[in-house]
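Okay, structure first, notes after.
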Amino acid sequence: MKLFEFQAKEIFRKYNIPTSTSSYLIKNAEEVNAILDKLQLPCVLKAQVLSGGRGKAGGVKIAKTKEEISKLVEQIFNLVINGEKTCAILIEDYVNIEKELYTSITIDTTTNNVTILASSLGGIDIEELTLKHPEMIFKMNVDPFVGIKTYQARLLARKLGLSGRLVNVYAHILTSMYRILRDYDAELVEINPLALTKSGELVAVDAKIVLNEPAKYRHQETFEQLEKEQEALGITRNLKEIKLKELGCSAYIDFEKEGIALISDGAGIGMYAYDTICQLGGSVASYCELGLANTPEKISRVLEIVSSDPKTRVLLINWFGGANIMDEMCKGIIQFREKNNSIPIIVRVAGTNFDKAHEMLKNANIFVTEDINEAVNKVISFSGGIS
Ligand code: GDP
Ligand code: MN
């Protein structure tokens, strides 16, 4: 779950990471009138959207006069960034920036470590600059059983060109970011830019936090509060995705087009089927990976939810039984078929107890094969997906 900048900054403040001293959130253009007298000039107006590249898209503006504020507020509320409408504007004091630094903490699943990336080339061009100057990006692994040691943080501060008291200030910011990552089960905590101001302070001018959805049960109240704040701004969550995840599905992707709903019990065979369908010119409407939703009752529910989507024309069930027992899981398909007799279902089932599963499905007049390519060819003829 991505947080808005204003939400991430609220968390930053709890951990004493320096941000702008005054900060107001307005949900519509009229609300600016009530705070106009309180605002210091110049101030910065920032579109609250969940997608990146906001500054480049014109979502961050500096206003020098009150008239300008009202004009820019209108303008930013009309802005659509990567298909996302501005749902609120954060108005903050202007920070006098000397230099823009970059720092992020994330989880590196290949080394099973927490990874810190830091650079003195922060700002909106960080991606391109670090491609051109990879030597300017510093990477540090943190052993999660040990945490960040102060000397590591101080070392990184020096690499960023900081000296004197700023070394300790940076160390405090970095260890606080790490505490946020741990305390909230975040996947990413990023400050870009971390501004070195003309008066020699460090200020988090931007804030990005992404929370790990599967960890929600550990932070029920916090997540719900953050979701409520987002819903109050008109962010609607994908209800199908929420229901499927609650059932235990490990992945659900809505491709937002008509066609085949692909339901697999593993990522590898799922991707193979997806690629083959695309190569043959078929259209995948959605992809669902069962994960822990592997009991007959849960499978029947999953199929109901997936086929309730009007974009779903046909179901392609693609399972390989290792630990999963195929005849047991196929009972879920039969249960679903008893409730819904209209949507075409193509099944590819191989592995543990596939023979019993095949017999069961054939008796229920459901097409089944052990061959994934045959299943894909068959499903394409049903979805009318060849262009
Ligand atoms: P992003 O494009 O979504 O990453 O938005 P940011 O909040 O990072 O702002 C983009 C850029 O606008 C920053 O890299 C800064 O260069 C600039 N900017 C934002 N706020 C301020 C500010 O208070 N003072 C100054 N001087 N520049 C700012
Ligand atoms: Mn930024």
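The values are calculated or read from the model by the stated rules, or taken from the named source; none is laboratory data. Here the structure is a predicted model, which is why all the values come from computation and not from measurement. Note: ideal-geometry Cβ built from the backbone for every residue, glycine included; neighbour counts use all protein chains shown. When the accessible area is computed, the model is the full protein with side chains, heavy atoms only, and any ligands, DNA or RNA have been set aside. Shrake-Rupley method; radii C 1.70, N 1.55, O 1.52, S 1.80 Å.
Ordered by solvent-accessible area of protein heavy atoms (1.4 Å probe), largest first, the residues Glu213, Glu190 come out as Glu213, Glu190. Evaluating 6.51 cos²θ - 1.76 cosθ + 1.60 at θ = phi - 60° for every residue in the range 366-381, the Karplus couplings come out as 10, 5, 9, 9, 8, 9, 4, 5, 4, 4, 5, 4, 5, 5, 5, 5 Hz, glycine and proline recorded as x. Each residue was assigned an accessible area with a 1.4 Å probe, and for Ile148 the value is about 20 Å². Neighbours of Phe367 by Cβ distance under 11 Å: Lys/Arg scored +1, Asp/Glu scored -1, total +2. Normalising the Debye intensity of the range 1-119 to I(0), with uniform scatterers on Cα atoms only, and taking log10 at q = 0.20, 0.21 Å⁻¹ returns -1.21, -1.29.
Can you check what the net charge comes to around Lys378, using other residues whose Cβ is under 15 Å from the Cβ of Lys378 (Lys, Arg +1; Asp, Glu -1)? Provide the component values of the computation, followed by the final result.
Working: positive: Arg313, Arg348, Lys362; negative: Glu370, Asp371, Glu374.
Every neighbour counted, the sum reads 0.
Within the same chain, aspartates and glutamates fewer than 8 places from Lys216 are excluded, and of the rest, those with a Cα less than 18 Å from its Cα are Asp183, Asp185, Glu187, Glu224, Glu227, Glu229, Glu231, Glu241, Glu246.
Find the accessible area per residue for the range 97-213; the probe is 1.4 Å, ligands and nucleic acids are left out, and the unit is Å².
Working: 5660 Å² over 117 residues.
So the range 97-213 comes to 48 Å² accessible per residue, rounded to a whole number.
Would you mind telling me the antiparallel percentage of the DSSP bridges in the chain, rounded to 5? Don't jump to the answer; show the numbers that get you there.
On the way: 48 of 69 bridges.
About 70 percent, rounded to the nearest 5.
Basic side chains Lys and Arg get +1 at the Cβ, acidic Asp and Glu get -1 at the Cβ, and with that the dipole of the chain about its Cα centre reaches some 760 debye. Available extension along the chain between Asn28 and Leu188 is 54.7 nm, counting 0.36 nm per residue and deducting the alpha carbon span. For the set Phe255, Phe4, Phe145, Phe138, the ranking by accessible area, highest first and with no ligand, DNA or RNA atoms included, is Phe145, Phe255, Phe138, Phe4 under a 1.4 Å probe. Each residue of the range 124-140 is assigned a 3J(HN,Hα), and the resulting list reads 6, 9, 3, 4, 5, 4, 6, 5, 6, 10, x, 6, 8, 10, 9, 10, 9 Hz, derived from the Karplus form 6.51 cos²θ - 1.76 cosθ + 1.60 (θ = phi - 60°), x at Gly and Pro. Note on Thr352: accessible area is roughly 50 Å² with a 1.4 Å probe, heavy atoms of protein only. Going 7 Å from the Cα of Asn212 in the Cα-to-Cβ direction, what parts of the range 172-195 have a backbone nitrogen less than 14 Å from that spot? Within reach of a label on Asn212, which here means backbone N under 14 Å from a point 7 Å along Cα→Cβ, the range 172-195 contributes 179-189.
Explain nothing, just the number: relative contact order of the chain, from Cα pairs under 8 Å at least 6 residues apart, as a whole percent. Answer for the chain is 12 percent. The simple spin-label model puts a point 7 Å past each Cα toward its Cβ; for Gln40 and Asn96 those points are separated by 1.1 nm.
Across the range 244-261, rounded Karplus estimates of 3J(HN,Hα) from the backbone phi angles (6.51 cos²θ - 1.76 cosθ + 1.60, θ = phi - 60°) give 5, 5, 4, 6, x, 4, 8, 7, 8, 10, 9, 7, 6, 8, 6, x, 8, 9 Hz, Gly and Pro being marked x. Quick one: of Lys56/Lys228; Lys149/Lys208; Lys298/Lys362; Lys46/Lys85; Lys27/Lys61; Lys46/Lys71, which pairs are farther than 19 Å apart, Cα to Cα? Among Lys56/Lys228; Lys149/Lys208; Lys298/Lys362; Lys46/Lys85; Lys27/Lys61; Lys46/Lys71, the Cα-Cα distance tops 19 Å for Lys56/Lys228; Lys149/Lys208; Lys298/Lys362. Per residue, the range 239-383 exposes 45 Å² of solvent-accessible protein surface, assessed with a 1.4 angstrom probe and all protein chains in place. Net charge of the neighbourhood of His172, taken over other residues with C-beta under 12 Å away and scored Lys/Arg +1, Asp/Glu -1, is +3. Pairwise inverse Cα distances across the chain, averaged and inverted, put the Kirkwood hydrodynamic radius at 23.9 Å.
Expressed in nm to one decimal, what extension gain is obtained for the pair Thr236 and Glu127 from 0.36 nm per residue of sequence separation less their Cα-Cα distance?
Numbers: separation 109, 0.36 × 109 = 39.24 nm, distance 2.99 nm.
Going from the current span to full extension adds 36.3 nm.
With the full set of protein chains in place, find how many percent of the accessible area of the range 239-383 is carbon and sulfur; take the probe as 1.4 Å. That share works out to 51 percent. Can you list the residues of the range 238-254 with backbone N under 13 Å from a point 7 Å past the Cα of Leu292, pointing along Cα to Cβ? Of the residues in the range 238-254, 245-251 have backbone N under 13 Å from the label point off Leu292. The listed residues Tyr151, Tyr184, Tyr24, once ranked by accessible area (1.4 Å probe) with the largest placed first, stand as Tyr151, Tyr24, Tyr184.
Taking 8 Å as the Cα distance limit and 6 or more residues as the minimum spacing, I'd like the relative contact order of the range 120-185 as a percentage.
Values: 30 pairs, mean separation 16.9, N = 66.
Answer for the range 120-185 is 26 percent.
Once you divide the Cα radius of gyration of the range 239-383 by 2.2 N^0.38 Å, the number left is 0.91.
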